[in-house]
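Submitted below is the structure of interest, expressed as structure tokens.
The values are calculated or read from the model by the stated rules, or taken from the named source; none is laboratory data. Quick caveat: nothing in here was measured; it's all calculated off a predicted structure. Using ideal geometry, Cβ is built from the backbone for each residue, glycine included, and neighbour counts are taken over all protein chains shown. Side chains included, ligands, DNA and RNA excluded: accessible areas come from the protein's heavy atoms. Shrake-Rupley method; radii C 1.70, N 1.55, O 1.52, S 1.80 Å.
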Amino acid sequence: MEAYRGIDLLGIEAELTDEERQVRDAVREFVEREALPLIPQHFREGTFPMELAARMAELGLFGAHIEGYGCAGLGPVAYGVAMRELERGDSALRSFCSVQSSLAMTAVWLHGSEEQRQHWLPRMAAGEAIGAFALTEAEHGSDPSRMETRAERTASGWRLSGGKFWITNASVAALMVVWAATAEGIRGFIVEDGLPGVRVEPIHNKLSLRMSLTGAVGFDGVELAEDALLPGTKGLVSALECLNHARLGIAWGVTGAAAACLHETLEYAKGRVQFSRPIAAYQLVQAKLADMHTQLAAAQLLALQASRNKATGRLHYSHISAAKHHNAQTALDIARTCRDLLGGAGVLDDFATMRHMVNLEAVNTYEGTRHMHQLILGRHITGISAFDG
């Protein structure tokens, strides 16, 4: 197979700055040389190659969008390009980095005290402390405002009770940013590993994101000190602010998964001979390849413009909802079509396409399903809410 050089129908890469190209090339080389050789076996076994976490830290990927505290301070496009290249390897690889950076570190950066930032962010940037972001509950996915996890004030701080589900990095986290209902509204708390009453149960029976370290977490009257509270958290909007950082990374990341599928399928189609011709020579195949390249180009442009809007202070939540739901669905559609073009060979994990396809089923669902983002957009466009809340 010809070496991967990117899928870029419209020449978007020419728009990147020197710094953005350097980030692209460094992360692409890391994925190609170090991650891809490990991924198939870890996907089969449902494990994560933790040795890659140290390398991601060395590359400056953890908290790369944050200024100071040992972080790289990359712009939105450079950060997005990094997420794209990671997800070309596997969605779980990007998710590991995204949860560490866009969710856990961002929560501490935006809503923590300066003491909390100084204590945690340098350690997290160096990969010495892995973080998790515990918002979703088993019965409250699309509507986290109804969460049942509670934190009550005590004489010495807080008592935390409840449970969270689908928590990435839970089993390896040195700290979890846990969102809980209080008498003052929803607040965020730093829950350190090893506290009495914290239970983490890995979720093993996943058919998607098998390489992701996903867990269920229980809190049985966990005693927290007063300084466990993230003082800047002011309701669910604080959690959603972190999620918007992550969703923009997802909008970039899925274009990497789609590009991996397209590259693999194009190379296969040029070499697979049926009825005396490569299947790439047939009109039906070329029509599908043309459509997929065009659809991917549109997704790439959407991610790029949203990031430019962020860099210039013009980013609106509707831009993020548009990019997340459009790009995740587009990438999933591309992966499904590529798997079809690969024929029977496409169900083998000698090829990456079906692995990306099943991963994208989950990515299309988490951090706001396609339908929830459509309704968010609908409310913005019409001024009328179609759902409660």
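Roll a 1.4 Å probe over the protein heavy atoms and report the accessible area of residue 161 in Å², nearest 10.
50
For n ≥ 4 DSSP H runs only, could you compute -39500 (n - 2.57) per run for the chain, divide by its residues and tell me the 222 nm figure to the nearest 500?
-15500 deg cm²/dmol, from helical runs alone.
Counting heavy atoms of the protein chains only and a 1.4 Å probe, report the per residue accessible area for the range 295-363 as a whole number of Å².
I get 37 Å² per residue for the range 295-363.
Work out the length of the dipole vector of the chain about its Cα centre, built from +1 on the beta-carbon of each Lys and Arg and -1 on the beta-carbon of each Asp and Glu, and round it to the nearest 20 debye.
Dipole of the chain, to the nearest 20 debye: 940 debye.
Of all the accessible heavy-atom surface of the chain, with the other protein chains kept in place and a 1.4 Å probe, what percent is carbon and sulfur?
54
Can you figure out the FRET efficiency of residue 286 with residue 153, using R₀ = 51 Å and their beta-carbon distance, to the nearest 0.05?
0.20
Using the Kirkwood formula over every pair of different C-alpha atoms, what hydrodynamic radius in Å results for the chain?
In the chain this quantity evaluates to 21.4 Å.
Please turn the phi angles of the range 266-283 into ³J(HN,Hα) values with the Karplus equation 6.51 cos²θ - 1.76 cosθ + 1.60 (θ = phi - 60°), one per residue in order, whole Hz, x for glycine and proline.
Rounded to whole hertz, the list is 4, 4, 5, 5, 6, x, 7, 9, 9, 6, 6, 9, x, 5, 5, 7, 8, 4.
Separate question: Taking 0.36 nm per residue of separation and subtracting the Cα-Cα distance, what length does fully extending residue 206 through residue 8 add?
Gain on stretching residue 206 to residue 8: 68.0 nm.
Which FRET efficiency value, to the nearest 0.05, do you get for residue 55 and residue 345 by plugging their Cβ-Cβ distance into 1/(1 + (r/R0)^6) with R0 = 25 Å?
For residue 55 and residue 345, the calculated efficiency is 0.20.
Pull out the extension gain between residue 128 and residue 18, defined as 0.36 nm times the separation in residues minus the alpha carbon to alpha carbon distance; nm, one decimal.
Fully extending the segment from residue 128 to residue 18 adds 36.6 nm.
Accessible surface of residue 25 in the full protein assembly, 1.4 angstrom probe, to the nearest 10 Å²?
Using a 1.4 Å probe on the heavy atoms, I get roughly 80 Å².
Scan the range 1-103 for GluC sites (Glu not before Pro) in coil per DSSP, keeping those whose Cβ has at most 15 other Cβ atoms within 10 Å, and list them by number.
The qualifying sites are 2.
Rolling a 1.4 angstrom probe over the protein heavy atoms, how many square angstrom per residue are accessible across the range 173-232?
Here the residues of the range 173-232 average 41 Å² of exposed surface.
Keeping every protein chain present and rolling a 1.4 Å probe, give me the accessible area per residue for the range 48-133 in Å².
Dividing the accessible area of the range 48-133 by its residue count gives 26 Å².
Quote the accessible area belonging to residue 324 in square angstrom, nearest 10, computed with a 1.4 Å probe and with ligands, DNA and RNA left uncounted.
0
Kindly point out, ordered by number, any Cys in the chain whose beta-carbon has no other cysteine beta-carbon under 4.7 Å away.
71, 97, 242 - these cysteines have no disulfide-compatible partner (Cβ-Cβ under 4.7 Å) in the chain.
Using Cα centres only, tell me the gap between the range 149-220 and the range 265-309 in whole Å.
42
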